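> Can you read through this structure? Questions will come right after.
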Amino acid sequence: MWKRIKNQILNLLFPQFCLKCNKEGFLICPDCFSTIDLNPFQYCPFCSVPNRVIKKGKCQSHQSFKLNGVFSACDYKNPLVKKMIFLFKYEPYIKNLGFPLSNLIISHFALTQKQGIFNSSASSKKAPLATPSTGSGQVFMPVPLFKKRERTRGYNQSAVIAEILSVAYKLPFQKNNLIKIKNTKSQTEFSKKQREQNIAGAFAIKNPALISEKTIFLVDDVFTTGSTMEECARVLKANGAKKVFGIVVAREGLRI
């Protein structure tokens, strides 16, 4: 109750306006949210030009990679999506954007009828193809930030989304088991090969027992070359994870 009252007071003193149409009372109003094209397909994470996949989470050429597949809600070229993610990650650090960004992911799973991959009471339908096994335990886990960067921002944007998804799909959330142990440079300006070199050895697992034989849903905001998620997947599987599937708000280069 106090939280609701607090939010009402904050909204009164600092009213929200839609980032696209400037309508009062919303960060993203329902009308503008509905204009975002959702991705109705699943794509191989490792093809330079994303190829749709049906029977598996990645194409035949990339079966040896550690990441089992990626679910991406929309295309990063969408101006509103790009603006939301930027303001979520950089100043003024609008943490509440985690809710509409998470809703894009939830809407994507509903559109593709793949919410059945989540082995919980929240799952109402079984996904037919290109989905992880639900026979073992499942965990939501964010791609971690280096501690100094997280302190500067005040939160890990991927953890905010992962926690919302864990509540929505009633699955466990592990925030501090996969950790970043190397303060890498920003991947933004690097080539694919440079990204792989930059991120190598950057992650570690604190307690392998917590992920042993589990399917990990690894959450991030944007998927570009896949170097970061692939390195995380390598570390997770080396420490006993059964499968690792990426879940992101946006991906570059989709053909929706």
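Throughout, read-outs are computed from the coordinates displayed, never taken from laboratory work. The structure displayed is predicted, hence computed values, not measured ones. For neighbour counting, all protein chains shown are included, and Cβ atoms are generated from backbone atoms with ideal geometry for every residue, glycine included.
> What list do you get for L80, L97 if you sort them by fewest beta carbons within 10 Å?
L80, L97
> Step through the table entries K58/K243; K175/K237; K56/K114; K180/K237; K56/K175, compare each Cα-Cα distance with 19 Å, and write down the pairs that go over it.
Where the Cα-Cα span goes over 19 Å, the pairs concerned are K56/K175.
> What is the range 28-251 by shape, rounded, prolate or oblate, if you read a ≥ b ≥ c off the alpha carbon gyration tensor as root eigenvalues and call it rounded for a/c under 1.5, prolate for a/b larger than b/c, and oblate otherwise?
In terms of gyration-tensor shape, rounded.
> Please give the net charge around Q138, taking every other residue with its beta carbon less than 13 angstrom from that of Q138, where Lys and Arg add +1 and Asp and Glu add -1.
Neighbourhood net charge equals +3.
> F223's amide H: which non-local residues (gap 5+, or another chain) put their own amide H closer than 5 Å, with H modeled 1.01 Å from N in plane and none for Pro or chain starts?
So F223 has HN proximity to A250, R251, E252.
> Taking other Cβ within 10 Å of each residue's Cβ, how do Y169, Y90 sort, fewest first?
Fewest to most other Cβ atoms nearby, the residues stand as Y90, Y169.
> Within a 10 angstrom radius of the beta carbon, how do T184, T225, T215 rank from fewest other beta carbons to most?
T184, T225, T215
> Given R₀ = 35 Å, FRET efficiency for C59-Q16 by Cβ-Cβ distance, to 0.05?
Calculated transfer efficiency: 0.25.
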